[in-house]
1. Between LYS30 and LEU288, what is the spin-label point distance in nm, taking each point 7 Å from the Cα along the Cα→C-beta axis?
2. Which Cα, out of VAL132, THR307, LEU76, lies furthest along the positive dipole direction of the chain (beta carbon charges, K/R +1, D/E -1)?
3. Would you mind putting 18-27, 42-51 in packing order, based on average other-beta-carbon counts within 10 Å, highest first?
4. In the chain, with Lys and Arg counted as +1 and Asp and Glu as -1 at Cβ, which of these residues, LEU180, ALA258, LEU270, has the Cα nearest the positive end of the dipole, that is, farthest along it?
5. In nm, what is the difference between 0.36 nm times the number of residues separating LEU137 and LEU230 and their Cα-Cα distance?
6. Where in the chain are the DSSP H helices whose alpha-carbon span along the long axis reaches 18 Å or more and whose Kyte-Doolittle mean is at least -0.5?
7. Let's see if you can work this out: charge +1 on each Lys and Arg Cβ, -1 on each Asp and Glu Cβ, no other charges. What is the dipole magnitude of the chain about its Cα centre, in debye to the nearest 20?
8. Show me 259-265, 113-119 ranked by packing, highest mean number of other Cβ atoms within 10 Å first.
Amino acid sequence: MNTFEIVIKVIPILVAIALGYFLTRAGFLKESMVDAFKKIVVNVTLPAGLFLAFIKIQFKVEYLIIIACVFVTCFLLFLIAKLIARVFSIKSKYFPFLLTGFEAGMMGYALFTAVFGADAAADFAVVDIGQVVFVFLVFVPMIINMGSSEKGLASIKTSLKTAMKSPVIWAIILGLAGSLAGLWAYEGSKVFAAFDNIFSFASAPTALLICLVIGSGLKLSIKSMKMEILTALLKVAFALLFAFILVQTVLVPLGVDARIITALYALCCLPAPFVIPVFMKDPSTEDLNYVSNTLSIGSIIGVICFTAVVLLGL
């Protein structure tokens, strides 16, 4: 794929984000509509795409190493953020959470498949599994602990209960089960083709809806959001640094496919998980604005970095 072809594929993503921004500012795209878009993505289009992506994964032993490395990377990013917060006396307790984890579900798959096609979702899924495990077993329980009387195992149980109610998680679990059962071997059959078409059709609107949601949340006021911009930039800088280290020390020696390497870089371009505000317990207006604005800024920075990754052929 040459540079012109890549640019052509990325432009619709940027246009859709800009459209979401201007439609919101014009009053056409209401908050209730944005919430409805999110619900459609989380409960219908995204699970359909994820199920299809995970069921097509042809597992290899080296994938287990990749999963473990991504999990450890997420944990290290959190520890680095805690250190930065202590050294520079950053007051917000949510700062470390904004420097780790990746919004693969509602953003990563949409961007990656928009450029590389629906079949590339399986490659992205390989690098996504480790961070999904981190988010629901470590990340979410820690956020719950900050604003709840629940501690330790109690918070983990609450997190797992929440996860088990999510169509996204069930799509991943069932997709992985189908993959391990070897259902991908029937991909050339007519039955699988019909099945593929149904789920592909259901997942098709994901990219547009997510881009509209990202655009609707943008607040372009650089002067009043220096901390948010700095946080978003630190997140992508450290994440891409770790991605480079993983590629050179693990992925290249393992001889993994080039598109999985690109998928790892793409994952590390993404902002922190959008579920953070969902689990914040009675947050102050300052904390809520900080988290929301950082996620919005991180989204647009993520798209820019993702475009650069694709153009550079990483």
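1. 2.0
2. LEU76
3. Packing order, densest peptide first, comes out as 42-51, 18-27.
4. Result: LEU270, furthest along the dipole toward the positive end.
5. Going from the current span to full extension adds 30.7 nm.
6. Helix filter hits for the chain: 3-25, 61-87, 121-134, 167-180, 190-203, 226-246, 285-312.
7. Charge dipole, the chain, about its Cα centre: 720 debye, nearest 20.
8. 259-265, 113-119
Each value in this text was obtained by applying a stated rule to the coordinates, not by laboratory testing. This structure is a prediction, so every number in the text was calculated from the model and none was measured. In this analysis, Cβ positions are derived from the backbone assuming ideal geometry, glycine residues included, and neighbour counts consider all displayed protein chains.
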